[in-house]
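The values are calculated or read from the model by the stated rules, or taken from the named source; none is laboratory data. Keep in mind that this is a model prediction, so the values were computed, not measured. Positions of Cβ are generated from backbone atoms using ideal geometry, with glycine treated the same way; all protein chains shown enter the neighbour counts. For accessibility, only protein heavy atoms count, side chains too; no ligands or nucleic acids. Shrake-Rupley method; radii C 1.70, N 1.55, O 1.52, S 1.80 Å.
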Amino acid sequence: MTEIQNNDLLTTLRINQSKMKKNLIVLMLIFPISLLAQNVSYTLKGKIGNVNAPAKVYLVRGNTRVDSTAIQNGQFEFKGTITDPVQASLILSYKGTGIYSRPLQHLDIYLESGIINISSSDSLANAIIKGSKVNADNEKLKTALKPIDEKQKVIMSEYMSMSAEKLHDNDAMADFKARYKVITDDKKQVYLDFINANPNSFMSLIALEGLITLQIIDGEIPEYSELAPLFNSLSSDVKNTITGKKDAKSLVVMKSTAIGEMAPEFTQKDPDGKLIKLSSLKGKYVLVDFWASWCAPCRAESPNVVKAYNKYHEKGFEILSVSLDNEKGKDAWLTAIQKDGLVWKNVSDLKGWKNEVAVLYGIKAIPQNMLLDKTGKIIGKNLKGEALSKKLEEIFN
């Protein structure tokens, strides 16, 4: 198991009004106008039976933005602007007292440029969405995933009902993980097939991100050599969306940390405030290990790493652990170092998931590691348990 970064956090960019004009001029000098983010308008029109006041419909975007409108004779409308297709939710509250007041109905949609029509004779949950290519493609993807999602629900229900004894039975859990992997592999294939069949669809970016997420959950490191061809197969219009440009930046990070590349240089402080530079360890095989004191899978992996260090340190093996603890967790970090016997070099900037080294290396889940040769070249990734032992045995024996 791994601890996964929460990707649903929103970042709000606030620019001082007096500097806005100056910043815009600078941007226009640096980038062609065609590459600047453009606001586009959307109109969302709905007809849900004959619902009337006091009912309201709420449009929720992200975790913070909520718009609302009254519904009369089942009709409602939202208008706004966006810079990219964006996922949103419609919530129909019959009492009109907020998005948590019951009874309510819910529908996930994508907002995009143009007029989007939503209609149903009875309920919002059963509404049909028309006039939107992104939503049509989303429905196509959901339809392909539906039988796999149903299997996933069944196996997860089985997992939730397992006794404590069975959860600690290695054979039973190995069987469960094997069956669950078949399901996730099937889901990965659906994403791959959708991307290959729909190069002009914005939803192919969402499928690509879904594929990456599944790999991370499976404890894998997404590989540039696999994902770059998929991204590059998409149309220019899709790649030039804000989401596309964000994914392109992620691929640049993946490429810089691919096996065979020189590990990006970094410097961070150890618990005593001393600066430790990665390149200072050249001449040794180095495991750059990402972890945190609050990460249960990381702590469970610690004995394997300690064993490897004790066995091969004298032969030229070094470890540099990078903690994703935050400032409030500094004491817990220091305690975990002592308790787990992490006697090698430990560093952190105590910025949590925003740790500058973790961002530089594109770390989205922990525990995670990269093995470097004596020159600083990446020769291994995601080496845990027996995999780490076997790799080091190949090197030193």
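Annotations for the structure displayed:
- Residue count, segment 304-323 (criterion: of a type in the set (S, T, Y) and assigned to a helix (DSSP H, G or I)): 2
- Out of I91, I129, I118, sole residue that is aliphatic (A, V, I, L, M), in contact with a helix residue (DSSP H, G or I) (Cβ under 6 Å, 6 or more places away or on another chain) and either closer than 26 Å to K246 by Cβ or part of a strand (DSSP E or B) (or both): I129
- Any pair with Cβ under 7 angstrom, 6 or more apart, that starts in segment 386-397 at a residue that is surrounded by 13 or more Cβ atoms within 10 Å (Cβ to Cβ) and ends at one that is assigned to a helix (DSSP H, G or I) and at pLDDT 95 or above: L388/N304; L388/A308; S389/A308; L392/A308; L392/Y312; F396/Y312; F396/K315
- Residue within segment 341-350 that is touching a His at 6+ places or on another chain (Cβ under 9 Å) and open to solvent by less than 50 Å² (accessible area, probe 1.4 Å) present: yes
- Of all residues in segment 184-215, those being open to solvent by 20 Å² or more (accessible area, probe 1.4 Å) and either over 19 Å from the mean Cα position of the chain (by Cα) or farther than 24 Å from E139 by Cα (or both) number 7.
- Enumeration of residues in segment 51-73 that are more than 26 Å from the chain's Cα centre (by Cα) and surrounded by 14 or more Cβ atoms within 10 Å (Cβ to Cβ): V51, A55, K56, V57, Y58, D67, S68, T69, I71
- Set side by side, the residues D67, D84 differ, and just one is charged (D, E, K, R) and more than 18 Å from I206 (Cβ to Cβ), which is D67.
Yes or no, residue by residue, for (1) in contact with a Lys or Arg (Cβ under 7 Å, 6 or more places away or on another chain); (2) exposed (fewer than 15 other Cβ atoms within 10 Å of the Cβ); (3) farther than 30 Å from S225 by Cβ:
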| position | (1), (2), (3) |
| --- | --- |
| K133 | no, no, yes |
| N138 | no, no, no |
| K151 | no, no, no |
| V154 | no, yes, yes |
| A164 | no, yes, yes |
| V182 | no, yes, no |
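- Top-ranked residue of segment 216-225 - restricted to ones that are out of contact with any helix residue (DSSP H, G or I) (no Cβ under 8 Å at 6 or more places or on another chain) and at pLDDT below 85, ranked as most open to solvent (accessible area, probe 1.4 Å): E220
- From the list K277, K269, the lone residue that is without any contact (Cβ under 8 Å) to a residue 24 or more places away in the chain and over 29 Å from L227 (Cβ atoms) is K277.
- Of the residues making up segment 95-144, those that are of a type in the set (D, E, K, R) and within 14 Å of V57 (Cα to Cα) are K95, R102, D108.
This table checks each residue for (1) exposed (fewer than 14 other Cβ atoms within 10 Å of the Cβ); (2) of a type in the set (S, T, Y); (3) touching a strand residue (DSSP E or B) at 6+ places or on another chain (Cβ under 8 Å).
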{"residue": "Q75", "(1), (2), (3)": "no, no, yes"}
{"residue": "G80", "(1), (2), (3)": "no, no, yes"}
{"residue": "L104", "(1), (2), (3)": "no, no, yes"}
{"residue": "I109", "(1), (2), (3)": "no, no, yes"}
{"residue": "S113", "(1), (2), (3)": "no, yes, yes"}
{"residue": "I128", "(1), (2), (3)": "yes, no, yes"}
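- Residues in segment 280-323 that are under 28 Å from K354 (Cβ atoms) and of a type in the set (K, R) were compared, and the one that is most open to solvent (accessible area, probe 1.4 Å) is K282.
- Residue match in segment 326-338 (condition: outside any helix (DSSP H, G or I) and either surrounded by 14 or more Cβ atoms within 10 Å (Cβ to Cβ) or at negative phi (or both)): yes
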